[in-house]
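Asker: After the structure tokens below, expect a handful of questions from me.
What follows draws every value from the coordinates through simple rules; no lab data is involved. Keep in mind it's a predicted model, so treat the numbers as computed, not measured. Don't worry about glycine lacking a Cβ; one is built from the backbone with ideal geometry, like all the others, and counts go over all protein chains shown.
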Amino acid sequence: MPTVATREELLSDTFLQLADTLVEDFDVVELLSMLSERCVELLDAAATGIMLGDPQGTLQVMAASSAQAHVLELFQAQNEEGPCLDAYRSGKPVVNENLKNANPWPHFAPMAIEAGLPSVHAFPMRVRDTVVGTLNIFMAEPGPLTDADAVVAQAFAHAGTVTILQHQSARDAHRLTGQLQNALNSRITIEQAKGALAERADVSTDEAFDRLRTYARSNNAKLTDVAAALVERKLSANDLARLIGAVS
Amino acid sequence: MTTTEGRWLRVATAIGAWAGADPTPITLCDLCVDLLGLTGAGITLMADGGLGGGTFASDPATEALEELQFTLGDGPCRDAYEIGLPVLEADLAEGPTRWVVFTGRAVDAGIQAVFSFPMRIGAARVGALTLYRDRAGALSGEGHADALVLAEVATVALLAMQAYTPVGELAKEISIEGSYHAEVHQAAGMVSVQLDIGVGEALVRLRARGFALDRRIRDVAADVVARRVRFDDQRV
């Protein structure tokens, strides 16, 4: 076990490195590898690894601090059995002190013991309700994970999640900001249209909203498009009359 | 655990706990207040390059200051968003020449320092995270670094929320009732018909009236929507 000061230094350094990556381009695999290596030092683990779910929900090995960990992760991904898979599916940490005791992994457990890693812990990497991957910790000796270790492991799992999100967001930033802006603008346009129609038809804004929605539905148009046309005065006199006179 | 709880671990675990417990922009504001020892924190989202996209705040007093900036169309949020760099005012009582009205109100509300951080990833801009403190003085180096990370986290988190939402809809966390001045935009729609002008100009008129009468734009808008006030009525 590293001393408290060393652990604190390592943590600070790791998170500082992470913070640095938030402002520049980075290689996500390299960064996840760094995280997984740091995790070995901090938790006194034999090996660690990070797996991510692909869009089809299949786990892929992203980083592993040793060849054994890599093999054990691959095994789980290919055989659909193991603690990492369980953490990925349940979204909850899976802590196994000793694989020699009863466990639900008849194929994985003997392999891990054979590889000299008789204790495995898996922490989910989550965004909202979605689990994006897992941080997996392999121990050389059976034994419990202390509360302090669990906090560090979970912090690393979150750090990994932020890293991945950062990577995805940087890649998709323009598309996502565009979507966010469109959604915000559309909401505002609908409110403006409610006001404009309420004024024209002398009804409440709630009633105006009902009319806009009914009109959009019966014309097979999007509510936002109808709202924008009304606000920008691009509706024909006929359409406008129908909206104003529409029966809710 | 306290001995191993360093600053970064504290920040990371706090962010992790936030992310794990139904995160919203409002709870992120609360997190900023706790982590950085602030009086208040607010997030303003921009729509069409203006301040109307939505505001979220840690408490009602901060909400009022965020909304004041929406009323004025001016303030640290807008500047941080516009220039894309942190806007730091360590001593409001010294009377910065920018945002004269905002500064006066903030000081009246007991705020001595304001720090606004742009929420951006590269060239993509979303809004601003603004920190309010009842004590004058610059943010510490660590506080500044943490604030940058928090603004980044806020941006990433909002975009992630949006990414997990169908195109065209707004993420439910962002779509909080009261966050986006619904009545103000409704009033702008009504005034645009009353005066036969565009909604953009109608919003400017609402702002001008709020400013002239020393009222919140929200209250002016409520009067319009409730039809207590018309803009084409010369007697008002």
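Asker: Sort A:229-240, A:206-217, A:180-191 by the packing proxy (mean of other Cβ within 10 Å over each peptide's residues), most packed first. List each step's numbers first, then the result.
Answerer: Working: A:229-240: 15.0, A:206-217: 17.7, A:180-191: 22.8.
Output ranking for A:229-240, A:206-217, A:180-191: A:180-191, A:206-217, A:229-240.
Asker: How much length is gained if the chain between A:H70 and A:N220 is pulled fully straight, taking 0.36 nm per residue apart and subtracting their Cα-Cα distance, in nm to one decimal?
Answerer: Extra length available between A:H70 and A:N220 comes to 48.7 nm.
Asker: Additional query: In peptide A:227-235, what is the residue-averaged number of other protein chain Cβ atoms found within 10 Å of each Cβ?
Answerer: 2
Asker: Which value in deg cm²/dmol, rounded to the nearest 500, describes the helix-derived mean residue ellipticity at 222 nm for the protein assembly as shown, given -39,500 (n - 2.57) per DSSP H run of n ≥ 4 and division by the residue count?
Answerer: Details: 18 runs with 265 residues, N = 484.
Result for the protein assembly as shown, helices only: -18000 deg cm²/dmol.
Asker: Working out 0.36 nm times the residue gap between B:A138 and B:E82, then minus their Cα-Cα distance, what length gain in nm do you get to one decimal?
Answerer: 18.0 nm
Asker: Could you give the distance between the Cα centres of the stretch A:86-142 and the stretch A:56-70, to the whole Å?
Answerer: Using only Cα atoms, the two centres lie 13 Å from each other.
Asker: Can you list the residues of the stretch B:179-216 with backbone N under 11 Å from a point 7 Å past the Cα of A:R233, pointing along Cα to Cβ?
Answerer: Label zone hits: B:192-199.
Asker: Here is a follow-up. Taking each residue in A:148-161, count the Cβ atoms of any other chain within 10 Å of its Cβ, then average. What number comes out?
Answerer: Across A:148-161, the average partner-chain Cβ count within 10 Å equals 4.
Asker: What span do the alpha-carbon atoms of chain B cover on each of the three principal axes, reported in whole Å from largest to smallest?
Answerer: Dimensions of chain B along the principal axes of its Cα atoms: 68, 47, 29 Å.
Asker: Based on Cα positions only, what radius of gyration and what Dmax would you give for the stretch A:39-177, in angstroms?
Answerer: So, for the stretch A:39-177, Rg and Dmax equal 14.7, 50 Å respectively.
Asker: What FRET efficiency do you get for A:Q78 and A:E141 if R0 is 25 Å and r is their Cβ-Cβ distance, rounded to the nearest 0.05?
Answerer: 0.40
Asker: When chain B is modelled as a GNM with alpha-carbon springs shorter than 10 Å, which of B:L131, B:L158, B:L170 fluctuates the most?
Answerer: Per the Cα network of chain B with a 10 Å cutoff, B:L170 tops the list.
Asker: Starting from the Kirkwood radius over alpha-carbon pairs of the protein assembly as shown, derive D by Stokes-Einstein at 25 °C in a medium of 0.890 mPa s and give it in µm² s⁻¹.
Answerer: D, rounded to a whole number, is 99 µm²/s.
Asker: Quick one: check the C-alpha center-to-center distance for the stretch A:35-51 versus the stretch B:66-139, whole angstrom.
Answerer: Measuring centre to centre over Cα atoms gives 42 Å.
Asker: Related question: Can you list residues from other chains, or at least 5 along the same chain, whose modelled amide H is less than 5 Å from the amide H of A:V127?
Answerer: A:V132
Asker: In nm, what is the difference between 0.36 nm times the number of residues separating B:A123 and B:D219 and their Cα-Cα distance?
Answerer: Extra length from B:A123 to B:D219 when fully extended: 31.0 nm.
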